[in-house]
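Data block below; observations after.
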Amino acid sequence: MIDTDNLNDARKKIEIKAKEGSKVIVKGRDDSFNRKILENKKVNILLSPEKGYKKDKLKQGDSGLNHVLCRIASQNNIAIGIDFEEMLDKKEDEGKKQLAEHLRRIMQNIRLCKKAKTNMILMNKSGRDDYDLRAFLTTLGMPTDMAKRAVEEH
């Protein structure tokens, strides 16, 4: 997994991972960083684009994606990843309000990806049952077939 704020470092690491033949997973940041990463066809997964430091506008939440970025991801065959471990950590560390904000951003990303027909993946290292994870994703608004693919592809 590539976790850096510097775009040039990210590009170098993407090249190295692509030459090795392994999956290229990049952790999301701000909007311009996410766009540059999604334009690179060697990336497989953009993980947690909602993670970047953003401030919501008065009548619109900022989730790290928009319809243009979702369309670019769909054209370049890049999946949008949801980190389940991060949600569990957020629940324990910060509190209910921050968890609710995080879930709202994920729900917005699900709606955008569903509309643009972009693949989504749930990254799960907690050992939870696949059935429970699919139920969680459908609760957030993901269609059942999309939830099934998201859980199976992790």
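Only the coordinates and a few stated rules stand behind these numbers; no lab work does. Remember, predicted model here, so these are calculated numbers, not experimental data. Ideal geometry is used to build each Cβ from the backbone, glycine not excepted, and the neighbour counts take in all protein chains shown.
What is the sum of charges, Lys and Arg at +1 and Asp and Glu at -1, for the other residues whose Cβ falls under 11 Å from the Cβ of MET1?
So the environment of MET1 carries a net charge of +2.
GluC sites (Glu not before Pro) within segment 75-145: which are DSSP loop residues with at most 13 other Cβ atoms inside 10 Å?
GLU94
My understanding is that a pair violates if its Cα-Cα distance is over 31 Å; which of LYS42/LYS97; LYS36/LYS114; LYS17/LYS114 do that in this structure?
From LYS42/LYS97; LYS36/LYS114; LYS17/LYS114, over 31 Å: LYS42/LYS97.
Which ³J(HN,Hα) values, rounded to whole Hz and listed in residue order, are derived for segment 9-16 from phi using the Karplus coefficients 6.51, -1.76 and 1.60 in 6.51 cos²θ - 1.76 cosθ + 1.60 with θ = phi - 60°, glycine and proline given as x?
Computed from phi, the couplings for segment 9-16 are 4, 4, 5, 5, 5, 5, 4, 5 Hz.
Which trypsin sites (Lys or Arg not before Pro) in segment 108-139 pass both tests, a DSSP loop state and at most 11 other beta-carbon atoms within 10 Å?
Listed in order of number, the matching sites are LYS117, LYS125.
Taking the beta-carbon count within 10 Å as an exposure proxy, list SER63, SER74 from fewest neighbours to most.
With the fewest neighbours first, SER63, SER74 line up as SER74, SER63.
Rg to Rh ratio, segment 1-138, alpha-carbon atoms and Kirkwood radius?
0.95
Would you please give the FRET efficiency between ARG104 and ASP132, computed as 1/(1 + (r/R0)^6) with r the Cβ-Cβ distance and R0 = 25 Å, to the nearest 0.05?
So the FRET efficiency works out to roughly 0.75.
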